[in-house]
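Colleague: Would you mind keeping the following structure in view while I ask a few things?
The values are calculated or read from the model by the stated rules, or taken from the named source; none is laboratory data. Note that the structure is predicted; figures quoted are calculated from it, not measured. Neighbour counts run over all protein chains shown; Cβ positions are idealised from the backbone, glycine included. Just so you know, the surface numbers come from the protein's heavy atoms only, side chains and all, with ligands and any DNA or RNA stripped out. Shrake-Rupley method; radii C 1.70, N 1.55, O 1.52, S 1.80 Å.
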Amino acid sequence: MSTSASTGAAAPASTSAAPRQEWSGQLGFIISAIGSAVGLGNIWRFPGVAYENGGGAFLIPYLIALLTAGLPILFLDYAIGHRFRGSAPLAFRRMKRWLESLGWFQVMICFFIAIYYAAILAWAASYFVYSFGLKWGDDPTSFFLDYVQAADPGFSLAIVPGVLIPLVIIWIAAIGVLALGVAKGLEKANLVFIPLLVVAFLTLVIRALFLPGAADGLNALFTPDFSALTNPAVWIAAYSQIFFSLSIAFGIMITYSSYRRRKSNQTTPGLVVGFANSSFEILAGIGVFAILGFMAHEQGTTISELGGLKGVSLAFMTFPKVISEMPQGWFFGALFFASLLMAGFTSLISIVQVICGSFQDKFGWGVRKAAIVLGGICAVVSLLLFSTTTALNVLDVVDAFINNIGVVASAIVTCVIVVWVLRRGRELMYHLTSLSTFPVGTWWLALIGVVAPIMLVYMFVSQVITFFVDGYGGMPGWFLGVAGWGSVVLSVIGAFILTAQRWRVDPDDFTAWPAYTPTKKEAK
Amino acid sequence: MSASALVVMIVAMIIVWGGLVASAVLLARRPEVSAWPTPGPDDEEDMSFN
């Protein structure tokens, strides 16, 4: 660890950095990577998306998407971060000087995601406490809108104290973990929270399965509608779900794999992480739909009649209502919101580490300085935008645009530049195969160079058209322009500004290992 | 539950949870490659240049 950690002094230019931080071992890395991948999307997005897109039949495109895009791009992130041993900007710069800006674009995406993601965790923390008295009463929807004091689309500085306090606590906790570094902070936090999350969530799912109506819920989720497979929208939904759920293509997995020892297995741990992420989604699907089945049973209706089956409305409106109707609902509620909180927190710290690690690499900042300064900046912006009465709409729009435009664009650019422009695919393939017990071949190049980009470009174009033609969520155009397109444009501007800064630590004082001899064709 | 839903649920569990178990077993049996590429980084220093 850099000695400048305590003083925060920047190392002079052209000085080699101290040895890179490392995970304590393979297990620490795997658990942390699972902690990052398993987040809110696993719990509140997958079940509803599967249900709306063909139920059981959705699992076919979902598994195909996992195998043809999710795992291959995950491997690509691992290869870039591990071979070039850097957070996104450093790793991309070492691959090609001008590619550094792509790394900073990913850092900016992480900034925007972190600031709203923390706000959702703050709500979950409040609701964890509210569970003990079932404080939301008979009308959880009104209760939630009162809790966040939801105002019309816009930007207000009217603070909501009920959100402000938990949000401050979340940020202090995140900064505290990050300040302890990779092995003592991030890894330790994951080693505590991931097993706890599994136990809490399994308890919840098993309890849910014994509720009356649970079987009807599982029927609704798993009954296959095979006609859905001819609908392109269903395939796009599957690729999107896999893509957003695995935390790929916005710097996290590059950063995490850069902290692995040089001699470390790459793809096989990647398979474990990818399948663990999907395993949790299947478990969440079973749990969530068993609960929805119970709700339909209690209300004498069917699941198709229920609203609010995913996202914020599932967690903070639909679920509280079910919890109130359940015997010992408080216990169930506490388990559910604690699960959301733990799954989300282990993702949040990975997102902010992308930012911290990048500044450590470029400016020679110490671990503590990066955590406090950069975590502090995120916290202040997060509090200004998301502890106010306008948070709900801003969050909704930033989330939609930064993911569907920013992250997808980042993935397309990464795949196309690495494989087609720089022609470094074979080098990365060699890197993965020579270090891993699960070798990758030309099929991997075809997936990251052809299949994944085609699906991603289709997703990107159709989403851009939708945003321009239909807008989003019935919100005014100026608001989408500022909060949605604005966050994407700011990410691009930020990327160029940060790329233009001088390196305080020489990025080129580096030799990639194992050495790769390009073929004649590649060398041209 | 209906038969089709039950079959789909079980198949999904076998593929996804089975995939997790299989990849974990694969990793446990062979945590590392049998031979690292040479010349390799010195384990003591672990190529400490960044």
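Colleague: Once you average over the residues of B:31-37, how many Cβ atoms of partner chains fall within 10 Å of each Cβ?
Modeller: For this peptide, the per-residue mean of nearby foreign Cβ atoms is 6.
Colleague: Let me ask you something else. Figure the gain on full extension for A:F226 and A:T203 (residue separation times 0.36 nm, minus the Cα-Cα span) and round it to one decimal in nm.
Modeller: Stretched out fully, the A:F226 to A:T203 stretch lengthens by 5.1 nm.
Colleague: Further question: Let me have the 222 nm mean residue ellipticity of chain A computed from DSSP H runs of 4+ only, each contributing -39500 (n - 2.57), with the sum over all residues rounded to the nearest 500.
Modeller: Taking each H run of at least 4 residues, the total per residue is -20000 deg cm²/dmol.
Colleague: Using the Karplus curve 6.51 cos²θ - 1.76 cosθ + 1.60 with θ = phi - 60°, work out ³J(HN,Hα) for each residue of the range A:65-72 in order, rounded to whole Hz, and write x for Gly and Pro.
Modeller: 5, 4, 6, 9, 9, x, 5, x
Colleague: Can you flag which of A:K263/A:K369; A:K96/A:K521; A:K96/A:K362 are past 23 Å Cα-Cα?
Modeller: A:K263/A:K369
Colleague: Working from the alpha-carbon coordinates of the range A:99-238, get Rg over Rh, Rh being the Kirkwood radius.
Modeller: 1.04
Colleague: Can you list the residues, at least 5 places off or on another chain, whose amide H is less than 5 Å from the amide H of A:L180, using H built in the peptide plane?
Modeller: Amide H neighbours of A:L180, under 5 Å, 5+ apart: none.
Colleague: Note the angle between two axes, namely the Cα long axis of helix A:100-131 and the longest principal axis of the Cα atoms of chain A, as a number of degrees from 0 to 90, rounded to the nearest 10.
Modeller: 30 degrees
Colleague: Could you tell me how many degrees, from 0 to 90 and to the nearest 10, lie between the Cα long axis of helix A:26-37 and the main elongation axis, the longest principal axis, of the Cα atoms of chain A?
Modeller: 50 degrees
Colleague: Buried by at least 30 Å² relative to the chain on its own: which residues of the range A:194-240 qualify, computing accessible area with a 1.4 Å probe on protein heavy atoms?
Modeller: Relative to the lone chain, where solvent access is computed with a 1.4 Å probe, the range A:194-240 loses at least 30 Å² at A:L218, A:N219, A:F222, A:P224.
Colleague: Out of all Cα-Cα pairs in the protein assembly as shown, roughly what percent, to the nearest whole number, are more than 45 Å apart?
Modeller: It works out to 12 percent of all Cα pairs.
Colleague: Hey, what do the phi angles of the range A:360-372 turn into as Karplus ³J(HN,Hα) couplings, whole Hz, using 6.51/-1.76/1.60 and θ = phi - 60°, x for Gly and Pro?
Modeller: Karplus values, whole Hz, x for Gly and Pro: 4, 5, 8, 9, x, 5, x, 4, 5, 4, 4, 4, 6.
Colleague: Cα axis of helix A:391-401 to longest principal axis of chain A: angle in degrees, 0 to 90, nearest 10?
Modeller: On a 0 to 90 degree scale, this one is about 50.
Colleague: Quick one: net charge of A:V273's neighbours, Cβ under 15 Å, K/R +1, D/E -1?
Modeller: Counting the neighbours of A:V273, the net charge comes to -2.
Colleague: List the residues whose amide H sits under 5 Å from the amide H of A:T223, counting only those 5 or more places along or on another chain, with H placed 1.01 Å from N in the peptide plane.
Modeller: Residues meeting the amide H criterion: A:G56.
Colleague: Could you tell me the total accessible area buried at the B-A interface, probe 1.4 Å, in square angstrom to the nearest hundred?
Modeller: Roughly 3300 Å².
Colleague: State, to one decimal in nm, how far the label point of A:I497 lies from the label point of B:W36, with both points 7 Å from Cα in the Cβ direction.
Modeller: Each label point lies 7 Å from its Cα, and together they span 4.2 nm.
Colleague: Give me the inter-chain shielding for A:51-58: mean count of other chain Cβ atoms within 10 Å, whole number please.
Modeller: Shielding by partners across A:51-58 averages 2.
Colleague: Oh, and also: Hey, can you rank A:123-134, A:435-446, A:340-351 by average C-beta count inside 10 Å, highest first?
Modeller: Per-residue mean Cβ counts within 10 Å order the peptides as A:340-351, A:123-134, A:435-446.
Colleague: Please average, across the residues of A:429-441, the number of beta carbons from any other chain that are within 10 Å of each residue's own beta carbon, and give a whole number.
Modeller: Counting Cβ atoms of other protein chains within 10 Å of each residue's Cβ and averaging gives 2.
Colleague: Please list, in order along the range A:199-216, the HN-Hα scalar couplings obtained from phi with the Karplus expression 6.51 cos²θ - 1.76 cosθ + 1.60 (θ = phi - 60°), rounded to whole Hz, x for Gly and Pro.
Modeller: 5, 4, 6, 4, 4, 5, 5, 5, 4, 4, 5, 9, 7, x, x, 4, 4, 5
Colleague: Ignoring ligands, DNA and RNA, what accessible area per residue does the range A:166-299 give at 1.4 Å, in Å²?
Modeller: Normalised by residue count, the accessible surface of the range A:166-299 is 29 Å².
Colleague: Now, a different point. Give me the percent of the accessible area of the protein assembly as shown that comes from carbon and sulfur atoms, probe 1.4 Å, all protein chains in place.
Modeller: The C+S portion of the solvent-accessible surface of the protein assembly as shown is 67 percent.
Colleague: Could you state the number of Å between the C-alpha centres of the range A:181-196 and the range A:430-464?
Modeller: Each part reduced to its Cα centre gives a spacing of 30 Å.
Colleague: I've got another one for you. May I ask for the percentage of alpha-carbon pairs in the range A:175-265 that lie more than 17 Å from each other?
Modeller: Distances greater than 17 Å cover 74 percent of the Cα pairs.
Colleague: Sticking with this one: Kindly report the accessible area of the range A:441-524 per residue (heavy atoms of protein chains, probe 1.4 Å, no ligands, DNA or RNA), in Å².
Modeller: 57 Å²
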